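Chemist: Take this structure, written in structure tokens, and hold onto it; I'll ask about it next.
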Amino acid sequence: MDKGLFTNQFVKKYSNLAYTAIERRLRGCGLTLPREEILDIQQDLFTSICEGNKLEKIQNPDSIPYWVAI
């Protein structure tokens with residue numbers, strides 16, 4: 001599979017989960033950020049995951065949702 005296509009599918013599949021996890025984590029720390037700033041954090045998360053080839057290191061694909069949410 002084309003790496004760019006895989007990356008796009010990964011981001012599309014886990015975007016809502018990542019956004020919600022970021023928002024909840026911030027709220028748990030007593031922080032409320034505008035949507036745009038949460039989206040920036042989300043973008044940084046996906047960039048870090050995709051550029052660092054972290055997906056290739058995951059041994060159990062079923063754990064991806066938990067990993068993204070952390």
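The values are calculated or read from the model by the stated rules, or taken from the named source; none is laboratory data. All figures in this text were calculated on a predicted structure; none of them were measured in a lab. Ideal geometry is used to build each Cβ from the backbone, glycine not excepted, and the neighbour counts take in all protein chains shown. Side chains are part of the model used for accessible areas, which takes the heavy atoms of the whole protein and leaves out ligands, DNA and RNA. Shrake-Rupley method; radii C 1.70, N 1.55, O 1.52, S 1.80 Å.
Chemist: Residue by residue through region 39-45, which ³J(HN,Hα) values in whole Hz follow from phi under the Karplus form 6.51 cos²θ - 1.76 cosθ + 1.60 (θ = phi - 60°), with glycine and proline marked x?
Modeler: Each residue of region 39-45 in turn: 5, 5, 5, 4, 4, 4, 4 Hz.
Chemist: I need to check one value: relative contact order of the chain, counting alpha carbon pairs closer than 8 Å and at least 6 residues apart, in percent. Walk me through the intermediate numbers first.
Modeler: Details: 26 pairs, mean separation 30.6, N = 70.
Averaging sequence separation for qualifying contacts and normalising by length gives 44 percent for the chain.
Chemist: Helix-derived [θ] at 222 nm for the chain: sum -39500 (n - 2.57) over DSSP H runs of at least 4, divide by residue count, nearest 500?
Modeler: -23500 deg cm²/dmol
Chemist: Please give the solvent-accessible surface of Glu51 in Å², to the nearest 10, using a probe radius of 1.4 Å with every protein chain present.
Modeler: 150
Chemist: Can I ask one more? Between the helical axis of 3-28 and the dominant principal axis of the chain, each derived from Cα atoms, what acute angle in degrees is found, rounded to the nearest 10?
Modeler: 20
Chemist: Now, a different point. Evaluate E = 1/(1 + (r/R0)^6) for Lys13 and Glu37, where r is the Cβ-Cβ distance and R0 equals 25 Å; express this FRET efficiency to the nearest 0.05. Kindly include the intermediate steps, with their values, before the conclusion.
Modeler: Details: r = 23 Å, r/R0 = 0.91.
The calculated FRET efficiency here is 0.65.
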